[in-house]
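Asker: First the structure, then my questions, so here it is.
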Amino acid sequence: MRLSEVLNRAPDSSQAQVEGFLGSQRLGWGRHKNIEIGRVIRNYFCRPCDDTRTFFSSDRLSCLVTGSHSVSIDVTLRCSACQSPMEAWFLVGCADDLFGHAPLVHLERFTENKRDVAAAVGAQVGEIHELFERAQIAFEDHLGAGSMVYLRKAFEIVTSQAAVATGIPTKHSSGRRKTFKALLEEVDEQSHIIPSEFSNNGYKLFSELSEVIHGDSDEAEALTKYEPCRQLVLGIVTNVRNNQSMAAAIDSLGWSGDASLQVVEGGGAA
């Protein structure tokens with residue numbers, strides 16, 4: 001396995017044995033070396049292309065020795081179609097000899113600078129993808145509760161958007177806002193936005209996010225729950241996006257997924 005395959009799997013931090021990439025000449029702390037480890041290849045939603053694209057690195061990457069068992073690798077990536085650039089940074093740890101023939105490595109840290117070029121694949125409903133981006137950044141900074149705030153807000157907003165797009169009022173006749181639970185049940189009954197795999201547990205997901213936000217889980221537990229919760233919220237967003245009538249209504253309203261919609265009762269960042 002080449003080191004690029006480890007980088008391609010980010011943020012996966014599992015250990016893997018790779019071909020030696022630094023050579024036999026040992027470099028001290030703070031020394032740079034250009035390395036050839038295969039191209040880094042990652043998929044994103046390219047905003048200029050308005051479609052999912054593959055982003056590639058060059059063949060030669062910049063590597064900085066940051067310790068006796070770690071290196072920092074800076075990567076520039078370009079869209080395979082429009083050539084729009086972005087950057088990524090990887091901190092790679094090594095369990096044995098960095099300069100060995102087959103070092104055992106793992107990813108310690110991963111950060112992306114998507115600029116205004118790229119976004120995560122699969123979250124493009126209005127500007128809701130921005131919330132997923134912020135959630136991912138918080139997660140990568142080990143802020144478990146912070147990442148859940150953005151996931152919950154995305155859940156709330158897309159439910160409100162689906163309600164208005166299908167003619168379901170977000171308020172009672174008295175003018176009082178509906179609880180999120182009540183609105184979610186109405187929207188799902190009419191439009192089935194909750195994936196069938198957990199259709200009976202849509203509000204349970206919201207409760208899970210809220211419990212983390214309000215301090216009923218520690219940060220380590222919140223970080224463990226982040227990825228499954230993200231996948232479930234993303235499933236709801238994808239269902240709304242794939243409903244052509246709702247997607248058309250959302251687009252025609254020009255919603256930003258932020259200030260243009262009031263979040264129903266119980267929503268908003270805690």
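Asker: Is one or more of the residues making up region 201-219 modelled with pLDDT of 85 or more, open to solvent by 20 Å² or more (accessible area, probe 1.4 Å), part of a helix (DSSP H, G or I) and within 17 Å of TYR150 (Cβ to Cβ)? Show your work before the answer.
Answerer: Looking only at region 201-219, we keep the residues that are modelled with pLDDT of 85 or more, and these are none.
There is no residue in region 201-219 that is modelled with pLDDT of 85 or more, open to solvent by 20 Å² or more (accessible area, probe 1.4 Å), part of a helix (DSSP H, G or I) and within 17 Å of TYR150 (Cβ to Cβ).
Asker: Show the residue pairs that are 6+ apart or on different chains and have beta-carbon atoms under 8 Å apart, the first residue being within region 29-52 and under 18 Å from GLU133 (Cα atoms) and open to solvent by 90 Å² or more (accessible area, probe 1.4 Å), the second being modelled with pLDDT of 95 or more and not charged (D, E, K, R).
Answerer: If the second residue must be modelled with pLDDT of 95 or more and not charged (D, E, K, R), the pairs left are ASN43/THR54; ASN43/PHE55.
Asker: Considering only region 2-14, I want to know if a residue exists there that is open to solvent by less than 20 Å² (accessible area, probe 1.4 Å) and over 23 Å from the mean Cα position of the chain (by Cα).
Answerer: Narrowing region 2-14 to residues open to solvent by less than 20 Å² (accessible area, probe 1.4 Å): 3-4, 6-7, 10.
Still in the list and also over 23 Å from the mean Cα position of the chain (by Cα): none.
Scanning region 2-14 turns up no residue that is open to solvent by less than 20 Å² (accessible area, probe 1.4 Å) and over 23 Å from the mean Cα position of the chain (by Cα).
Asker: Can I ask one more? Got at least one residue in region 19-41 being part of a strand (DSSP E or B) and in contact with a helix residue (DSSP H, G or I) (Cβ under 7 Å, 6 or more places away or on another chain)? Reasoning before the result, please.
Answerer: Step one: of region 19-41, the residues part of a strand (DSSP E or B) are 32-35, 41.
Checking which are in contact with a helix residue (DSSP H, G or I) (Cβ under 7 Å, 6 or more places away or on another chain) leaves us with 41.
Yes: one or more hits.
Asker: Here's a follow-up. Please state which one of SER62, SER68 is of a type in the set (Gly, Ala, Ser) and either surrounded by 15 or more Cβ atoms within 10 Å (Cβ to Cβ) or within 20 Å of ASN113 (Cβ to Cβ) (or both). Full working, then the answer.
Answerer: Values: SER68 fails: either surrounded by 15 or more Cβ atoms within 10 Å (Cβ to Cβ) or within 20 Å of ASN113 (Cβ to Cβ) (or both).
None of the others qualify; the one that does is SER62.
Asker: Here's another thing I want to ask about it. Looking only at region 151-200, how many residues end up being modelled with pLDDT of 90 or more, open to solvent by 70 Å² or more (accessible area, probe 1.4 Å) and in contact with a helix residue (DSSP H, G or I) (Cβ under 6 Å, 6 or more places away or on another chain)?
Answerer: Qualifying residue count for the region: 0.
Asker: OK, next. Taking region 204-241 as the region of interest, how many residues are among the polar types (S, T, N, Q) and within 13 Å of the chain's Cα centre (by Cα)? First the steps, then the outcome.
Answerer: Initial filter on region 204-241 (among the polar types (S, T, N, Q)): 207, 210, 217, 224, 231, 238-239.
Remaining after also requiring within 13 Å of the chain's Cα centre (by Cα): 231.
Residues meeting the conditions: 1.
The values are calculated or read from the model by the stated rules, or taken from the named source; none is laboratory data. Remember, predicted model here, so these are calculated numbers, not experimental data. Cβ atoms come from the backbone with ideal geometry, glycine included; neighbour counts cover every protein chain shown. To get the accessible areas, we keep the full protein, side chains included, count just its heavy atoms, and leave off ligands, DNA and RNA. Shrake-Rupley method; radii C 1.70, N 1.55, O 1.52, S 1.80 Å.
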